[in-house]
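First comes the structure, then the notes that go with it.
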Amino acid sequence: MRTTTAPHAGAPETVAELIARQWGDHRPGLKHGADGPTGPTGATVLSRHRAAAASAARAALLADLLPPGAEPHVGVLLDNTPEFPFWLGAAALAGAAVAGINPTRRGPELARDILHTDCRILVTEPVHLPLLRGLDLPGVRILVTGTEEYEALLVPYAAAKPGEATVRPPGPGSRLLLYFTSGSTGAPKAAICSQGRLAAAGHSLARSFSVTPDDVHYICMPLFHGNAVIADWLPALCAGAPVALRRRFSASAFLDDVRAYGATYFTYVGRAVQYLLATEPRPDDRAHALRLGFGTEAGAVDAARFAERFGVRLVEGYGATEGGASVQRVPGTPPGALGRAGAGDDLAVIDPETGRECPAAVFDARGRLLNGDEAIGELVNRGRSLFEGYWRNPDAEAARTRDGWYWTGDLFFRDPEGFLYFAGRTDDRLRVDSENLAAAVIENVLARWEAVAAVAVYAVPDEVAGDQVMAALALREGASFDPEAFTAFLAAQPDLGTKMAPRYVRILDAMPVTATNKVHRVALRRAGFTCPDPVWHRTPAGYRPLGPEDLAALLAVYGAQGRQNLLTR
């Protein structure tokens, strides 16, 4: 998420200023601990002053621990504990940057994320130490929060104040975040976010949603993801509102949490809204202080259900940590649309093969898209862009900004009035439950299975939001698909992330190819799981054939969600 609106006159221009402004402010700043092991308990409340003091102490520690000449980057491999915002604040005060490390990554891929971002210090916690076991991380010092050694390290810096210790003087152009996003090059790319852009985003969102110190921002999405930091933590910081932390998202504990914290605002990504709607209805579903949820991929149908059941309005937005384009909801936005181009953006839906703008969408009387083949293209920003680049990845930067435009890598269509509708990811990108995945990474894992001769991975639309992983497998001569053996193989792969396992597996005799002998991904994606070849789908009991009854039930869900038109894109 992001915004292009500049902060109003007199507003702090850096996140460091926002952190320092908390000094001496003894109003509530951070709440945590209500998500106890047996349900909500008494929350611990830290003042804004104590939160600033904690960040100042860590900034001073960072300044002393960072080797001379090293990039001022700190890897943070934590759940949503108080240490995460403390280190965000520390990096801001010290003129350093935080690289959010995704704990769903595994093995060499996890090590690559840490080393690629030049992190000489990695902050983690005991629960994540098994992820680091056996990894080769030369020159990286690991700090383990919650240990006696860690607390002892902080003791000499207990009296530090904001601004006393810096690695580099913080300014609006100082990079603060290196947040990973996936793309067509396979390995995740670290998007650069400066203090000035982040402060402006926080101020704009705080104004848009009328955030005041009386609000409480509930952070249940992971802080290693840009959504939680940019759309939840920052607007609270700008408006002087406290934040409440949930270590990891829990649908069953959501309402109890927001009541215990007095939460008024939350953000969501991916299927979080669907998980909440799947919980058992309760008589007190509306007994809370929540007034707003802000996020992506809830879908118009489920947003309406959420409002009806919980009495909370959901506002859908579109943007990216990269800052290249945004879509803002405006009055009159039709159901299913995200809105229009944000201020300063010149957004167009472009056919990437021809470079021409796609024609407007045509709908039938039921609102179904009739001309998806020609109307769906890649969303491109032809105007000014706030994109600040990828860390040490010039090829990816060039691909993103080719021909002087910013190419989002996302598929959209536009109605005749100019409203934009999200239609998925480009060919080799998948977004599964709010996580961007690269097809090539999953293909490399599946290719290890001894029964496979060729493999292609691609996205098929999820029934509700985002994508699901589908794999086409051409088997070796004489081999057959053994679902139990395939499941065991997947479980044994140390670098298969938790969201990479295929939801659908298509078994075919030979992989379709283009005239240049490249895998014909367009044909595979268009056929999806309605192809004539055998298709297996993953269930809680393992992979089983997708029979006619299963397919009919699945298509009915797509129809109920208004997403059936996406199955033939």
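For the residues Ala361, Ala348, Ala337, the requirement of being crowded, with 21+ Cβ neighbours inside 10 Å, among the hydrophobic types (A, V, I, L, M, F, W, C) and within 30 Å of Cys193 (Cα to Cα) singles out Ala337. Among the residues of this structure, Asp64 counts as one that is surrounded by fewer than 24 Cβ atoms within 10 Å (Cβ to Cβ), part of a helix (DSSP H, G or I) and of a type in the set (Asp, Glu). In the stretch 80-116, which residue that is more than 20 Å from Ala228 (Cα to Cα) and of a type in the set (D, E, K, R) is surrounded by the fewest Cβ atoms within 10 Å (Cβ to Cβ)? That would be Arg112.
Conditions (1) farther than 27 Å from Val273 by Cβ; (2) of a type in the set (Val, Ile, Thr); (3) in the same structural domain as Asp373 (by TED's automatic domain parsing), marked per residue:
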{"site": "Asp467", "(1), (2), (3)": "no, no, no"}
{"site": "Leu490", "(1), (2), (3)": "yes, no, no"}
{"site": "Asp509", "(1), (2), (3)": "yes, no, no"}
{"site": "Gly528", "(1), (2), (3)": "no, no, no"}
{"site": "Thr539", "(1), (2), (3)": "no, yes, no"}
{"site": "Gly547", "(1), (2), (3)": "yes, no, no"}
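If only one of Ala485, Ala553, Ala479, Ala560 is assigned to a helix (DSSP H, G or I) and closer than 27 Å to Asn444 by Cβ, which one is it? It would help to see each step written out before you state the result.
Details: Ala553 fails: closer than 27 Å to Asn444 by Cβ; Ala479 fails: assigned to a helix (DSSP H, G or I); Ala560 fails: closer than 27 Å to Asn444 by Cβ.
Of Ala485, Ala553, Ala479, Ala560, the one residue that is assigned to a helix (DSSP H, G or I) and closer than 27 Å to Asn444 by Cβ is Ala485.
Just one of the numbered conditions (1) crowded, with 23+ Cβ neighbours inside 10 Å; (2) within 20 Å of Thr104 (Cα to Cα) is not true of Arg248: (1).
The number of residues in the stretch 228-240 being crowded, with 24+ Cβ neighbours inside 10 Å and not hydrophobic (A, V, I, L, M, F, W, C) comes to 2. Condition first: farther than 21 Å from Arg58 by Cα and small (Gly, Ala, Ser). Can you find one or more residues in the stretch 102-113 that meet it? Scanning the stretch 102-113 turns up at least one residue that is farther than 21 Å from Arg58 by Cα and small (Gly, Ala, Ser).
A count restricted to the stretch 283-303 and to residues that are touching a residue at least 24 places away in the same chain (Cβ under 8 Å) and over 28 Å from Gly409 (Cα atoms) stands at 9. Filtered by the rule that a residue be assigned to a helix (DSSP H, G or I), in contact with a Lys or Arg (Cβ under 6 Å, 6 or more places away or on another chain) and not aliphatic (A, V, I, L, M), the stretch 371-396 gives a lone residue, Gly372. Considering Pro512, Pro548, Pro534, the condition of being modelled with pLDDT of 85 or more and either of a type in the set (Asp, Glu) or touching a helix residue (DSSP H, G or I) at 6+ places or on another chain (Cβ under 7 Å) (or both) is satisfied by Pro512 alone. When Pro494 is tested against (1) buried (at least 17 other Cβ atoms within 10 Å of the Cβ); (2) part of a loop (DSSP other than H, G, I, E, B); (3) not acidic (Asp, Glu), just one condition goes unmet, and that condition is (1). Across the stretch 457-500, the qualifying residues are those that are touching a Lys or Arg at 6+ places or on another chain (Cβ under 9 Å) and among the polar types (S, T, N, Q), and the one among them that is modelled with the highest pLDDT is Thr487. Listed by first and then second residue, the pairs linking a residue in the stretch 438-449 that is buried (at least 17 other Cβ atoms within 10 Å of the Cβ) to a residue that is part of a helix (DSSP H, G or I), with Cβ atoms under 6 Å apart and 6 or more places separating them unless they lie on different chains, are Trp449/Phe489.
Scanning the stretch 302-314 for residues that are surrounded by 17 or more Cβ atoms within 10 Å (Cβ to Cβ) and either of a type outside the set (D, E, K, R) or in a loop (DSSP other than H, G, I, E, B) (or both) returns Ala303, Phe306, Phe310, Val312, Leu314. If the condition is being surrounded by fewer than 13 Cβ atoms within 10 Å (Cβ to Cβ) and touching a Lys or Arg at 6+ places or on another chain (Cβ under 8 Å), then the stretch 117-145 contributes only Gly139. In the stretch 67-91, the residue that is farthest from Phe249 (Cα to Cα) out of those that are of a type in the set (Phe, Trp, Tyr) and touching a strand residue (DSSP E or B) at 6+ places or on another chain (Cβ under 8 Å) is Trp87.
Inspect the stretch 194-205 for any residue being free of Cβ contacts under 8 Å to residues at least 40 places away in the same chain, in contact with a Cys (Cβ under 9 Å, 6 or more places away or on another chain) and closer than 17 Å to Ile19 by Cβ and give the result as yes or no.
Of all residues in the stretch 194-205, those free of Cβ contacts under 8 Å to residues at least 40 places away in the same chain come to none.
Looking through the stretch 194-205, none of the residues is free of Cβ contacts under 8 Å to residues at least 40 places away in the same chain, in contact with a Cys (Cβ under 9 Å, 6 or more places away or on another chain) and closer than 17 Å to Ile19 by Cβ.
For the structure I just gave you, tell me whether Ser174 is of a type in the set (Ser, Thr, Tyr) and either touching a strand residue (DSSP E or B) at 6+ places or on another chain (Cβ under 7 Å) or in contact (Cβ under 8 Å) with a residue 40 or more places away in the chain (or both).
Details: of a type in the set (Ser, Thr, Tyr): yes; either touching a strand residue (DSSP E or B) at 6+ places or on another chain (Cβ under 7 Å) or in contact (Cβ under 8 Å) with a residue 40 or more places away in the chain (or both): yes.
Considered against the rule, which asks whether it is of a type in the set (Ser, Thr, Tyr) and either touching a strand residue (DSSP E or B) at 6+ places or on another chain (Cβ under 7 Å) or in contact (Cβ under 8 Å) with a residue 40 or more places away in the chain (or both), Ser174 comes out as yes.
Could you look through the stretch 524-537, keep only residues that are surrounded by 14 or more Cβ atoms within 10 Å (Cβ to Cβ) and more than 12 Å from Asp550 (Cα to Cα), and pick out the one that is farthest from the chain's Cα centre (by Cα)? So that I can check it myself, show each step before the final result.
Looking only at the stretch 524-537, we keep the residues that are surrounded by 14 or more Cβ atoms within 10 Å (Cβ to Cβ), and these are 524-531, 535-537.
Keeping just the survivors that are more than 12 Å from Asp550 (Cα to Cα) gives 524-528, 531.
Values: Leu524: 26, Arg525: 23, Arg526: 26, Ala527: 28, Gly528: 25, Cys531: 31 Å.
Among those that are surrounded by 14 or more Cβ atoms within 10 Å (Cβ to Cβ) and more than 12 Å from Asp550 (Cα to Cα), it is Cys531.
Only residues that are modelled with pLDDT of 95 or more, under 30 Å from Glu322 (Cα atoms) and either buried (at least 19 other Cβ atoms within 10 Å of the Cβ) or touching a His at 6+ places or on another chain (Cβ under 6 Å) (or both) were counted in the stretch 1-31, giving 10. Take the stretch 321-362 and flag every residue that is in a loop (DSSP other than H, G, I, E, B), among the acidic types (Asp, Glu) and assigned by TED's automatic domain parsing to the domain that holds Leu420. Result: Asp345, Asp346, Asp351, Glu353. The residues listed here are Ala440, Ala396; of these, the one that is outside the structural domain of Met500 (by TED's automatic domain parsing), under 21 Å from the mean Cα position of the chain (by Cα) and closer than 30 Å to Gln493 by Cβ is Ala396.
Working only within the stretch 174-232, note down all residues that are farther than 30 Å from Val441 by Cβ and of a type in the set (S, T, N, Q). Give the derivation first.
First, pick out the residues of the stretch 174-232 that are farther than 30 Å from Val441 by Cβ: 174, 195-196, 199-200, 202-218.
Scanning the stretch 174-232 gives Ser174, Gln195, Ser204, Ser208, Ser210, Thr212.
Regarding Ala501, is this residue under 25 Å from Pro130 (Cβ atoms), of a type in the set (A, V, I, L, M, F, W, C), in contact with a helix residue (DSSP H, G or I) (Cβ under 9 Å, 6 or more places away or on another chain) and outside the structural domain of Leu135 (by TED's automatic domain parsing)? For Ala501, the condition - under 25 Å from Pro130 (Cβ atoms), of a type in the set (A, V, I, L, M, F, W, C), in contact with a helix residue (DSSP H, G or I) (Cβ under 9 Å, 6 or more places away or on another chain) and outside the structural domain of Leu135 (by TED's automatic domain parsing) - is met.
Can you tell me how many residues in the stretch 297-324 are farther than 30 Å from Arg282 by Cβ and touching a Phe, Trp or Tyr at 6+ places or on another chain (Cβ under 6 Å)? Talk me through it step by step, then tell me what you get.
Of the stretch 297-324, the ones farther than 30 Å from Arg282 by Cβ are 318-324.
If we keep only those that are touching a Phe, Trp or Tyr at 6+ places or on another chain (Cβ under 6 Å) too, we end up with 321-324.
Of the residues in the stretch 297-324, 4 are farther than 30 Å from Arg282 by Cβ and touching a Phe, Trp or Tyr at 6+ places or on another chain (Cβ under 6 Å).
The values are calculated or read from the model by the stated rules, or taken from the named source; none is laboratory data. Being a predicted model, the structure only gives us computed values, none of them experimental. Cβ sites come from the backbone with ideal geometry, for glycine too, and all protein chains shown count toward neighbours.
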